[in-house]
Amino acid sequence: MPSDLVLPTGIKGLDDILGGGLPLQSNVLLYGDPLCGKKPLLMQFVYEGLKMNIPGIFVLLDYGFDDWRGMMESSGWSIDQYEQNGLLQVVDCYSKQFDPSLEDEGIVSYVDNPSDLSDISMTISGLQEQIAQIAENHRLGFHSVSSLLETNPPDAVFRFMQFMTGKGRKTACTALYVLEKGMHDEKQVKMIEHLMDGVIEFTEDKLHVRGLMGASTAFHHYEIGPHGIIIKV
């Protein structure tokens, strides 16, 4: 279970509807149609944490580090200083499929492919253990669980996610995971939701929160601006 301590995400509209922020150690699912705004929210969540000196880990399964950096910078979220001070780590599970010669460098740790669940979990776990030595808590953004379900048996993904959510709670990690609506059967969706402390669900131009104590359960309109998500409270 997540801690009773609620920490602001730094995203104003989101904090307003969450009742102040997300519980420390919580695992929250971002669930919605492709291109609905889950990715910008995920990136902004990690970036706002970095601005508050909260370390962040970003896990990439659908695109590589260079593309991710470009998307961050296009929203005005420069990662240069966080590369230098060590607050940010990126696990790239995508790029090495196309360039096997890639080696870990700087803030980037490479995993061979999205089907190597053991290597992914060990890489993330190792980074979390390092962060736990220097910080009281950290954030994790995971894009996406859908890619795991496309390349691995559902039971294996469930075991992986059990480990990830449990490890996150042990290391004081507040994590957001992305799941694409319309790509998976109901059993798979419920399987993932079962491991979460809450869900932020996107429906057309509205979103609402499920399962998080103190959060508004109403539907709130939102839009994606040039510098992140804008939620109308």
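Overview of results
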| quantity | calculated |
| --- | --- |
| Residue in the stretch 40-56 that is part of a loop (DSSP other than H, G, I, E, B) and in contact with a helix residue (DSSP H, G or I) (Cβ under 8 Å, 6 or more places away or on another chain) present | yes |
| Residue satisfying all of: in the stretch 6-29; out of contact with any Cys (no Cβ under 9 Å at 6 or more places or on another chain) and in a strand (DSSP E or B); surrounded by the most Cβ atoms within 10 Å (Cβ to Cβ) among these | L22 |
| Neighbours by Cβ (under 8 Å, 6+ apart or cross-chain): first from the stretch 24-53, free of Cβ contacts under 8 Å to residues at least 40 places away in the same chain; second assigned to a helix (DSSP H, G or I) and surrounded by fewer than 24 Cβ atoms within 10 Å (Cβ to Cβ) | Y47/M72; L50/Y82 |
| Complete set of residues in the stretch 134-164 that are closer than 22 Å to I79 by Cα and out of contact with any Asp or Glu (no Cβ under 7 Å at 6 or more places or on another chain) | I134, A135, E136, N137, H138, R139, L140, G141, F142 |
| The stretch 79-98, subset over 18 Å from the mean Cα position of the chain (by Cα) and assigned to a loop (DSSP other than H, G, I, E, B), residue surrounded by the fewest Cβ atoms within 10 Å (Cβ to Cβ) | F98 |
| Test: residue in the stretch 216-229 that is surrounded by 12 or more Cβ atoms within 10 Å (Cβ to Cβ), closer than 21 Å to V145 by Cβ and without any contact (Cβ under 8 Å) to a residue 12 or more places away in the chain | no |
| Residue list for the stretch 99-140, filter: closer than 19 Å to Y47 by Cα and outside any helix (DSSP H, G or I) | G106, I107, V108, S109, I134, A135, E136, N137, H138, R139, L140 |
| Residue within the stretch 106-117 that is closer than 17 Å to G64 by Cβ, at pLDDT 95 or above and touching a Phe, Trp or Tyr at 6+ places or on another chain (Cβ under 6 Å) present | yes |
| Of all residues in the stretch 205-230 being closer than 29 Å to S78 by Cα and part of a loop (DSSP other than H, G, I, E, B), the one that is nearest to the chain's Cα centre (by Cα) | H227 |
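Residue by residue, here is whether (1) crowded, with 22+ Cβ neighbours inside 10 Å; (2) closer than 20 Å to Q89 by Cα; (3) touching a residue at least 40 places away in the same chain (Cβ under 8 Å); (4) not basic (K, R) holds:
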site: I124; (1), (2), (3), (4): yes, yes, yes, yes
site: H138; (1), (2), (3), (4): yes, yes, yes, yes
site: S144; (1), (2), (3), (4): yes, yes, yes, yes
site: D155; (1), (2), (3), (4): no, no, no, yes
site: G182; (1), (2), (3), (4): no, no, yes, yes
site: E186; (1), (2), (3), (4): no, no, no, yes
site: E193; (1), (2), (3), (4): no, no, yes, yes
site: R210; (1), (2), (3), (4): no, no, no, no
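The values are calculated or read from the model by the stated rules, or taken from the named source; none is laboratory data. Quick caveat: nothing in here was measured; it's all calculated off a predicted structure. For neighbour counting, all protein chains shown are included, and Cβ atoms are generated from backbone atoms with ideal geometry for every residue, glycine included.
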